[in-house]
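Scroll down for the structure; my scribbles are underneath it.
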Amino acid sequence: VTSFTRLTPATSPTNANTLTFLATFSADVTGVGTEDFAVTGTTATVTAVTPVTGSTYQVTVSGGNLANLDGTVGLDLAAAPSITATAGGAALVVAEPATDETYSLDNTAPGAPSAPDLAAGSDSGASNTDNITNDTTPTLTGTAEANATVSVISSADGLLGTVVANGAGAWSFTPVTALTEGAHSMTTTATDAAGNVGAASSALVITIDTTAPGAPIRPILVGASDTGSSQTDKITSDTTPQFLGSAENNSVVTVTSSIDGVLGTAPANVAGNFSFTSPALTEGTHTITYTAVDAAGNIGAVSPGLVVTIDTIAPAAPSTPDLLAASDTGSSDTDNLTSDNTPTLSGTAEAFATVSVTSSGDGILGAATADGAGVWSFTPVTALSDGAHSITATATDVAGNTSPASAGLSITIDTTAPAAPTTPALNPASDTGASNTDNITGDDTPTRTGSADVNAVVTVTSSIAGVLGTATSNGVGDFVFTSPALADGAHTITYTVVDTAGNTSAASSGLVVTIDTSAAAPSTPDLAAASDTGASDSDDITADNTPTLTGTAEANATITVFGAFIGNPAALLGTATADGAGAWTFTTSLLADGMHVLTATATDLAGNISAASAGLTVTVDTAAPGAPGDLDLATASDTGISDSDDITAVNTPTITGTAEADAVIALTSNVDGAAGTTTADGAGNWSITTSALSENFHTLTATATDIAGNESPASAGLAVTVDLTAPVLANLNGDGTFVENGAAVRIDIDVDVTDAALDSLNDYAGAGLVVARNGGANAEDVFSFIPTGGVTLVGNNLQAGGNTFAIFTQAGGTLTIAFTSDATPATSALVDAVLQGFAYSNTSEAPPAGVTLDYAFTDVAGNSATGTPQAVVTITQVNDAPVLTDANTISAFVENGTPVQILPAATVSDVELDALNNGAGNYAGA
């Protein structure tokens, strides 16, 4: 072996898990295998040998502790290799090669670098240690393992690049590519010569900020620094005012004046707010602006300007105040004598100054603001005291500088009113009507008198018409006043007196004078509901011939009532007096039957007579209607065999009749009382479906009450029987046995029937019975009658004592019995005899073993026996002899001749045998 050299990896140290050596022999060899090599410095083994050329082989070492080994790994020949030379087959001479390379294994990662640091030269802005900068390629420094490769990583931009630490481990890195704007968490990792990567360093958070801050808001002058009348006009006498503002948080704001230049700086807090108190400003108008420099050193735009005026010069004294003419009450508007204790004062001062108005008697009264021309006007809120006042004014300009006081204005306040005049009095000659003292008059220009202070001016006022005029009292205070024309109505007349200062006395007590020049027509009279008899209390048709009328008119008027009988002129019926609300009531004298037109007029307290009211037509009707007639039980309500016998099973039957047209009909039962009401139609016809009637014999009568309320006599009675009880068939079971082809037998010998209503009458006339085979009538069934209990059947007539009381009909297998009301009543005993005398027979040659017969018994009211009454007849069947027909037909026979048929046309029949085999017959055994 001439050499063992490193092949993969080619360098050392390394942390590779697989090592490949290149073994070079001095000649071509064969038989080279893994067992021919030994590995030193590790527990790893030779896992593969691969020839490269005849004299070179790759020897792969892996496994063992390579993955975590720190040390030197070498390759040797085994103690007894089996390698031979290709040429000649000589064995390999074991000797260490002249070149024997090894691998230095390093699997220990370097320690984490120190946290990166932003170089002070890259940390722009007010602070070089706040890690906020506008440098987008900032220089970072730190320490790591000596000679390690340091990777610099940004949380925002990823891997920025690498740098190699020097022999002392120090490193410095400036990125080539600019970092993005925003916050970056900067970390580093160290990779040693073997390729082991250490843990990441602690992070350094830096902020890249290249955006200039926004312009601050317009400066704000603090209200306390804005002296004068307004804290918002930016005019002040404060030469060191305080300003507020808002800018980017933590920025530094520079405050500048257009006159005095830079005034200073103020730091914005974390919310961006700041406050700045100015050094002394010169007199004049300043434009104040802000600029902001953020923490990264970016300079923002200038804010909008705030114009502030510094004014420290006091204004001149205002002009002497003047009392406004409108506030100078009384006979003169220039004498400064007034009853207005909140008078309006005016004057001039510096434009926009605040004028303070002061009274020598009441002190400061208040303030007003002069307009752009310096004119001001002031009305005190608090009333001035009565007496003399010297009024002065001072002016405070908009910056708060105050002038000297003006010259004084002398005014006198007089608010004491004169005494009220006496109550007005209406001259008796002007008080028309029944009374000349009731102050109700038809004179619309009445004369009034009164008294007041001597030579006073008296104002006369109406509550409706307002001021009527004035009068002047004479030397003793008396005066007379004739009114202009007044409108109708109640006027409250009062007097007032005005003194020289303009004070108006209290109004006198009022005199209520009613001017009434016309009377309103009353309302149409109305017939009182209590007098409007009959079904309606509002149809003005009544049986009351002294009816009461009501209505409305002018309060307290006299009402005159007139009546006009149809075809006659109106006549006076009487008078009534309306109450204070105008309501009146009047009961007439006796009125004749017929139509009356009633009207009313009203005479008011002033003597005016109204027009007549509209007429009320009242019909007086005291004649009772005739009794109702033609009472009848409606056909649909008359149940049973007859719809005209007035016997019914309906307990709410309909009754019809006739009466006076539109009359109210009342139907009454002699048993149950009131049975119902209705109204006859225009032709007088009526119909009532009664309330539930009891089971009984009823006599129904009707009365008619006409629309005026007059009641007729009762009608003739209608006898109606209400029968709700069904008949009951008892002891019905079937007693007879019929023998085929034998005599008829009675069906049931002890059956009977009960019906409460018919039994009480002992007459079943109108009742009926139907008998037929259960499941449907069968024509084989034949019904007859065997005389029983004195009852015989003559033709179709069931008779007792020779008189018919029932009809017997049987056809097609159905029996029908109809009890009649002939000369002999169908008593309970006769009906039971009929039921017990029924006989039955069957015409069939092959009858059933028995038949069930259904009984349907219905009483005269139509009530049917409950349940399904039935009787069973037993039938004894007889075996009939066969019948041979054509037996007499015999053919002639010749001696020694051909045989002949004895009975060529004969037939045989047997009722029982023919019925066998489903009707096909079966003669087996015959």
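The values are calculated or read from the model by the stated rules, or taken from the named source; none is laboratory data. All values reported here derive from a predicted model rather than from experimental measurement. Note that we place each Cβ from the backbone using ideal geometry, even for glycine, and neighbour counts take in every protein chain shown.
Side notes on the structure shown:
- Residue count for region 606-631, restricted to those that are over 28 Å from Thr533 (Cβ atoms) and buried (at least 21 other Cβ atoms within 10 Å of the Cβ): 1
- When we screen Thr635, Thr652, Thr679 for residues that are among the hydroxyl-bearing types (Ser, Thr, Tyr) and over 55 Å from the mean Cα position of the chain (by Cα), the only hit is Thr635.
- Of all residues in region 274-315, those satisfying the criterion of being surrounded by fewer than 18 Cβ atoms within 10 Å (Cβ to Cβ), assigned to a strand (DSSP E or B) and of a type in the set (A, V, I, L, M) are Ile299, Val307.
- Filter pass, Pro81 being in contact (Cβ under 8 Å) with a residue 12 or more places away in the chain, of a type outside the set (Lys, Arg), in contact with a strand residue (DSSP E or B) (Cβ under 6 Å, 6 or more places away or on another chain) and not in a strand (DSSP E or B): no
- Flag for Val357 being without any contact (Cβ under 8 Å) to a residue 40 or more places away in the chain and buried (at least 20 other Cβ atoms within 10 Å of the Cβ): yes
- So Ser523, is it touching a Phe, Trp or Tyr at 6+ places or on another chain (Cβ under 6 Å) and in contact (Cβ under 8 Å) with a residue 40 or more places away in the chain: no
- Sole residue being loosely packed, with under 15 Cβ neighbours inside 10 Å, of a type in the set (D, E, K, R) and outside the structural domain of Thr236 (by TED's automatic domain parsing), chosen from Asp386, Asp397, Asp431, Asp444: Asp386
- Scanning region 582-605 for residues that are among the acidic types (Asp, Glu) and either buried (at least 20 other Cβ atoms within 10 Å of the Cβ) or assigned by TED's automatic domain parsing to the domain that holds Gly442 (or both) yields one hit, Asp604.
- The C-beta contact set for region 548-571 (first residue under 12 Å from Leu616 (Cβ atoms) and in the same structural domain as Ser589 (by TED's automatic domain parsing), second residue among the acidic types (Asp, Glu) and surrounded by 16 or more Cβ atoms within 10 Å (Cβ to Cβ), distance under 7 angstrom, 6+ apart or interchain) comprises Leu549/Asp526; Thr550/Asp526; Gly551/Asp526.
- For the residues Thr449, Thr494, Thr437, Thr472, the requirement of being surrounded by fewer than 19 Cβ atoms within 10 Å (Cβ to Cβ), closer than 30 Å to Thr338 by Cα and either in contact with a Cys (Cβ under 6 Å, 6 or more places away or on another chain) or hydroxyl-bearing (Ser, Thr, Tyr) (or both) singles out Thr472.
- Taking region 415-492 and the strands (runs of 3 or more DSSP E) fully enclosed by it, the elements with 1 or more residues that are closer than 20 Å to Ala606 by Cα are at 447-451, 457-462, 478-482.
- Restricted to strands (runs of 3 or more DSSP E) entirely inside region 768-886, those with at least 3 residues that are aliphatic (A, V, I, L, M) are 768-773, 791-794, 803-811, 814-819, 850-858, 870-876.
- Neighbours by Cβ (under 8 Å, 6+ apart or cross-chain): first from region 462-491, in the same structural domain as Gly442 (by TED's automatic domain parsing); second among the basic types (Lys, Arg) and surrounded by 15 or more Cβ atoms within 10 Å (Cβ to Cβ): Val480/Arg448; Phe481/Arg448; Thr482/Arg448; Ser483/Arg448
- Answer residue from region 695-738, given it is β-branched (Val, Ile, Thr) and in a loop (DSSP other than H, G, I, E, B) and is modelled with the highest pLDDT among those: Ile707
For every residue, the table says whether it meets (1) touching a Gly at 6+ places or on another chain (Cβ under 9 Å); (2) under 23 Å from Ser518 (Cα atoms).
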{"residue": "Thr542", "(1), (2)": "yes, no"}
{"residue": "Thr558", "(1), (2)": "no, yes"}
{"residue": "Ile566", "(1), (2)": "yes, no"}
{"residue": "Leu573", "(1), (2)": "yes, no"}
{"residue": "Gly580", "(1), (2)": "no, yes"}
{"residue": "Ala606", "(1), (2)": "yes, yes"}
{"residue": "Ser610", "(1), (2)": "no, yes"}
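- Subset tally (residues that are part of a strand (DSSP E or B) and under 30 Å from Asp335 (Cα atoms)) for region 494-541: 5
- Residue check, Val357 within 30 Å of Thr239 (Cα to Cα) and modelled with pLDDT of 95 or more: yes
- Residue check, Tyr855 assigned by TED's automatic domain parsing to the domain that holds Asp755 and more than 25 Å from Ser760 (Cβ to Cβ): no
- Complete set of residues in region 117-142 that are closer than 30 Å to Pro13 by Cβ and surrounded by fewer than 20 Cβ atoms within 10 Å (Cβ to Cβ): Thr141
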